[in-house]
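A short write-up of the structure that comes next.
The values are calculated or read from the model by the stated rules, or taken from the named source; none is laboratory data. Predicted model, so just to flag it, every value in this text is computed and none were measured. Please note: Cβ atoms are built from the backbone with ideal geometry, for glycine as well, and neighbour counts cover all protein chains shown. Surface accessibility is based on the protein's heavy atoms, side chains included, excluding ligands, DNA and RNA. Shrake-Rupley method; radii C 1.70, N 1.55, O 1.52, S 1.80 Å.
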Amino acid sequence: NRIRTTPAVPPSGRRVGSPAIFDTALIIDNLTEHQSRGGFAGLRVAQIRMIFLLPLQFGVHPHPLVYVEWFTPLGIPDPLTGMHIINRSTR
């Protein structure tokens, strides 16, 4: 699996620009609930806005860090569509 973030590229001359791309991911928010119930239980949706490495003066980290924007927790799927309704989290 791969998660990507790509900055927007402005148009230049005859070359068409491209919009920014920010992947979304399902992140385990409650491990106990996710292990016991499975499926989407204990998961939360996040949009990955930036992937970065800290300078060495802040210590050594084995993996890149990410800045995420969280969405509201998954609730009961909509009865008509069967899809979960989420919004950007405000806290």
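With every protein chain kept in place and ligands, DNA and RNA left out, what is the accessible area per residue of region 30-91? Probe 1.4 Å, answer in Å².
Each residue of region 30-91 exposes 81 Å² on average to a 1.4 Å probe.
Residue 88: net charge of surrounding residues, Cβ under 14 Å, Lys/Arg +1, Asp/Glu -1, itself excluded?
+2
Using the crude model of +1 on Lys and Arg Cβ and -1 on Asp and Glu Cβ, and no other charge, please compute the dipole size for the chain relative to its Cα centre, in debye to 20.
Computed about the Cα centre, the dipole is about 380 debye.
Using helices alone, what [θ] at 222 nm do you get for the chain, with -39,500 (n - 2.57) per DSSP H run of 4 or more residues, divided over all residues and rounded to the nearest 500?
Result for the chain: -2000 deg cm²/dmol, rounded to the nearest 500.
Which percent of the accessible area of region 1-52 is formed by carbon and sulfur heavy atoms (probe 1.4 angstrom)?
Exposed carbon and sulfur together represent 53 percent of the surface.
State, to one decimal in nm², a quarter of the convex hull surface area for the C-alpha atoms of the chain, i.e. the direction-averaged projected area.
10.2
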